[in-house]
Amino acid sequence: MNPPHKARTSWWWSLLVAIAATLIIFRGLGVGSIWSDEAFSVELAKQSLGQMLRVTLSVEGNMFVYYFLMHFWLAVLHALHIRWSAFWVRVPSALAFIMASLTLWRLGDYLLGRIGGAVAVMLWWAFPWAVTYAQQARSFAFLFWFAALSFYAMVRLIDAQDDPSSQRWGFLYGLATLFGVYSFLDMVFYTMAQLLWMTWAWRAGRINSHRYQLYGAIVAGAAFLSLPLVPSILHGGQVSWVPLQTLPDILRYPNAWIKTPPQSPITVFIVLGVSIGIVNALTPRKGHETHTPMRRAFWLGLSWLIVPLLLEYLVFTYLHFHILDAVYALPATMGIALSSAAGWLSLRSVPVSWAVLVATFIVALPQWPRGQGISLENWRTPVLTWAKGVKPDQSIVAFDNTSGVQYTLQYFIDAHHLPITIRPYPGHFTWTEYIKLNTKGAYFARAVSVPALRQDGILLAGHQVWFAFAEGPMGQARPLLTWLSHHAVLKERLSEKGWPVGFQLYQITGR
């Protein structure tokens, strides 16, 4: 056990980290419109539990835990009569980011000491992409948290002094890993990196065979409990909208995450820390000094970065699963931060450690606001405010692949409790082709089938219809536009710079 004064010191450091993380993640949390993926999260989460299970266990298993957590969070907001604004639907992610920050700090504290933990977490906050995606109404913040928690529990499992302690840390590791996989499927690759690390620890004599077998049983149990996600993995792993990645693309990931050129102060500072860590790790030592905490933290962070990316690349390249993307690999930023902190703290001098802490704050602080309050679509007008002018007797039609406007539109109607009565969903489009939601509201047409729209009663004489047309190439819309030019009158056109779509209100005059 830690002496009382150390426990009190740890408590104060934890409080400071929590306060700083809160200020970083809540600043600008409600700024920027909900974008299509966030709107999809809310729209799926508002469905019944049975419908959600059917969808998530068949084709949308990624972020499983997040959808169900959001389901209950929306129920709480509804009970408290709180509108589903961008701020409130993002609150669960913000809280998970705070927990991720505390967990990363605790891991750094355990391996490097209080200052080392603070350096690691401040460097992680300096990756604007991590903050931006943690603010989204998506599962990224939970992936950060469970990834950090699983690495921390793994280290404590290795260092446990007795069997009861190792079992407790093993149980925590299993929970963190299982929830991590159910929060984001790419957690599997971080688990594989941990398996390699534990195998090395066993072969190096750091743990005995009994503890390695315990770890193996935990991983096998988590894998078994993850089997319900297999159908959705097979169905969604080869989606074409994830961009093709090459090795040069992957090597540029850190610069994308940090949003700065290679010569920027923060980039140089992080690279210097990693370089110092490499020199320290390769410098010959005698006896027990070979496995110093600094070296262990450095190699752990480096494996946290390299191994998952390498495994993702191999699966991506040879199994043709489009699962490799700079966004999906964001937990690796925690590994970089830990490695760089370990490198700087390997200088092993109290005055130098404090100087490193101050220097980290100076170079990292300007980075923190860069990731705050960013909507990934950056619409100048908050989420289709034109919908407030839609009348109950009008229909709304959006087309496939129109920048996800269908989800964003329905979210806006739900969030603002707009008195728009729109006929039940009768069509199919992209993701919701398999969801078949019965309460979607707006009509979402597959492509631009004029016969289908007529059959479903949308293009009836005297009917007013809002159409959401993509601002890009209009090739797919030509058949409908041709029909409208002969059988309808354009009554109103709405569009603003920054909108991915324009809205046109037509009065149908005849067949």
| query | With each pseudo-label sitting 7 Å past Cα toward Cβ, what's the S449-R348 distance in nm, one decimal? | reply | 7.2 nm
| request: Compare V65, V501 by solvent-accessible area with a 1.4 Å probe and give them largest first, with all protein chains kept in place. | output: V65, V501
| remark: With every protein chain kept in place and a 1.4 Å probe, the residues E492, E60, E43 fall, from largest accessible area down, as E492, E60, E43
| message | Once you place label points 7 Å from the Cα toward the Cβ at A217 and A79, how far apart are they in nm? | response | 3.9 nm
| query | Which peptide among 80-91, 168-179 comes first, and what is the full order, when sorted by highest mean count of other Cβ atoms within 10 Å? | reply | 168-179, 80-91
| request: Return one whole number: the accessible area per residue of the stretch 97-179 in Å², for a 1.4 Å probe. | output: 24 Å²
| What's the Cα-based Rg to Rh of the stretch 1-129, Rh via Kirkwood? | 1.08
| field | Linear extension gain, V31 paired with Q394, 0.36 nm per residue minus alpha-carbon span | value | 127.7 nm
| query | Taking a spot 7 Å from the Cα of W200 along the direction of its beta carbon, which residues of the stretch 107-131 have an amide N less than 17 Å from it? | reply | 111-112
| note | Once normalised by the length of the stretch 13-97, the mean sequence separation of its alpha carbon contacts under 8 Å that are 6 or more apart gives a contact order in percent of 42 percent
| field | Förster radius 60 Å - calculated FRET efficiency between W12 and S58, Cβ distance, rounded to 0.05 | value | 0.80
| field | Extension gain from R478 to Y110, taking 0.36 nm per residue of separation minus the Cα-Cα distance | value | 126.2 nm
| request: Please report the orientation-averaged projected area of the stretch 61-210, defined via the convex hull of its C-alpha atoms, in nm². | output: 10.3 nm²
| task | Once you have the Cα-Cα distance between S485 and N208, take 0.36 nm times their residue separation minus that, and quote the gain in nm to one decimal. | result | 92.0 nm
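Averaging over every viewing direction, what projected area does the convex hull of the Cα atoms of the stretch 125-269 cover, in nm²?
11.1 nm²
The values are calculated or read from the model by the stated rules, or taken from the named source; none is laboratory data. Everything quoted here is computed from the prediction, not taken from an experiment. In this analysis, Cβ positions are derived from the backbone assuming ideal geometry, glycine residues included, and neighbour counts consider all displayed protein chains. Just the protein is used for accessible areas: all its heavy atoms, side chains included, with ligands, DNA and RNA removed. Shrake-Rupley method; radii C 1.70, N 1.55, O 1.52, S 1.80 Å.
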